Amino acid sequence: MNKNHEVFMRRAIELARKGVEANNGGPFGAVVVKDGEIIGEGWNKVTSTNDPTAHAEIIAIRDACTKLNSFQLDGCEIYSSCEPCPMCLGAIYWSRPKALYIAGNREDAADAGFDDRFIYDEIGLDHEDQKLKIQTILREEAQEVFAIWKEKEDKIEY
C-alpha cells in the first residue's frame with residue numbers, strides 16, 4: 001500500500017478525533033487530496049452548527065472546492081474516516097473525484113449509533129412506499145424551467 005494513503009487516512013481519522021474531543025458532532029473526518037497535497041479538510045459539525053448537512057465529507061469538499069475555485073474535484077482523492085452516508089456519497093459523486101478511500105464501514109458506524117440503513121432502504125422505494133411523505137405539486141411549472149435550461153446556450157454544465 002502507498003504510504004501516502006496511510007498519511008492521508010490518518011489525518012482524516014485525526015480530524016474525526018478532534019471533532020469528537022471538541023464535542024462538535026459525530027466521529028467522522030475527511031480530507032481531499034490533489035497532487036499529493038491536502039487541499040480540503042473537514043470533520044463532523046452537525047450538532048455544533050445545528051446543520052444536518054455539516055458532515056465531514058461535505059465540509060472537506062466545500063473547503064477544497066473553495067481553494068480550487070471549482071465546483072468539481074477533478075484529479076482529487078477523498079479520504080474518509082468512515083464509509084460515507086448516502087448524502088455524502090451523493091456529494092462525492094457530484095464533485096467527481098478520481099477516488100474515494102475509507103477506513104471504517106457502515107457497520108462500524110451503525111455499531112456506534114449512526115445507522116444509515118433506513119436511508120439506503122428508502123431510496124430504492126417508490127415515493128408512495130417511503131416513510132417520508134413525498135407529493136408532487138406543480139410539476140408542469142417546474143418543467144418550464146427545465147425547458148429554459150435545455151435551451152440556454154451560455155449554461156455551465158455540471
For the chain: accessible area per residue (Å², 1.4 Å): 68
Built amide H within the under 5 Å cut-off of GLY104, gap 5+: CYS82, GLU83
Length gained when the stretch ILE156-ARG139 is fully extended (0.36 nm per residue, less Cα-Cα span): 3.7 nm
Within the stretch 13-158, percent of DSSP bridges classed antiparallel, to nearest 5: 70
Full-stretch length increase - TRP149, LEU89 - with 0.36 nm per residue and alpha-carbon distance subtracted: 19.0 nm
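What number comes out for the charge environment of GLN130, summing +1 per Lys or Arg and -1 per Asp or Glu over other residues with Cβ under 14 Å away?
-3
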Karplus-derived HN-Hα couplings along the stretch 28-43 (A = 6.51, B = -1.76, C = 1.60, θ = phi - 60°), whole Hz, x at Gly and Pro: 9, x, 8, 9, 10, 10, 9, 6, x, 10, 6, 10, x, 9, x, 9
DSSP loop trypsin sites (Lys or Arg not before Pro) with at most 15 other Cβ within 10 Å excluded, longest remaining stretch of the chain: 1-97
Modelled FRET efficiency - R0 22 Å, ASP74 with TYR101, Cβ distances, 0.05 increments: 0.80
Candidates ASN24, ASN44, ASN69, ranked by Gaussian network fluctuation over the chain, Cα under 10 Å, top entry: ASN69
C-alpha long axis of helix 86-95 to longest principal axis of the chain, angle in °: 80
On Cα atoms only, tilt of 56-68 relative to the major axis of the chain in degrees: 80
Neighbourhood net charge (11 Å Cβ-Cβ; Lys/Arg +1, Asp/Glu -1) for ARG117: -4
Under-5 Å amide H pairs with GLY75, H placed in peptide plane, nonlocal only: LYS98
Label-point gap, in nm, between ASN23 and THR47 - each point 7 angstrom along Cα→Cβ: 0.9
Sulfur and carbon atoms: percent of accessible area, the stretch 79-124 [1.4 Å]: 55
Cleavage-rule hits, chymotrypsin sites (Phe, Trp or Tyr not before Pro), the stretch 1-87, DSSP coil, Cβ neighbours within 10 Å at most 16: PHE71
Listed residue (LEU138, SER81, LEU125) projecting farthest to the positive dipole end of the stretch 40-158, Cβ model: SER81
Residue range of the chain that is longest and free of GluC sites (Glu not before Pro) which are both DSSP loop and sparsely packed (at most 14 other C-beta within 10 Å): 1-152
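Count charges around LEU73 for me, please; just the other residues with Cβ under 14 Å from its Cβ, Lys/Arg as +1, Asp/Glu as -1. Display every interim value, and only then the final one.
Numbers: positive: LYS34, ARG62, LYS67, ARG96, LYS98; negative: ASP35, GLU37, GLU41, GLU57, ASP63, ASP74, GLU77.
Around LEU73, the surrounding residues sum to -2.
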Within straight-line cross-link reach of LYS34, lysines at Cα separation under 29 Å, skipping those fewer than 8 residues along the same chain: LYS3, LYS18, LYS45, LYS67, LYS98, LYS155
0 to 90° range, to nearest 10: angle between helix 139-151 axis and the chain longest Cα axis: 70
Sites LEU125 and LYS3, calculated FRET efficiency, Cβ-Cβ separation with R0 35 Å, nearest 0.05: 0.20
Cα-based reach from LYS152 at 18 Å (exclusive), listing aspartates and glutamates while leaving out same-chain residues under 8 positions away: GLU141, GLU144
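The values are calculated or read from the model by the stated rules, or taken from the named source; none is laboratory data. Owing to the predicted nature of the structure, the values given are computational and were not obtained by experimental measurement. Glycine gets a Cβ as well: all are built from the backbone with ideal geometry, and neighbour counts include every protein chain shown. Accessible surface is based on the protein model in full, side chains and every heavy atom, while ligands, DNA and RNA are left aside. Shrake-Rupley method; radii C 1.70, N 1.55, O 1.52, S 1.80 Å.
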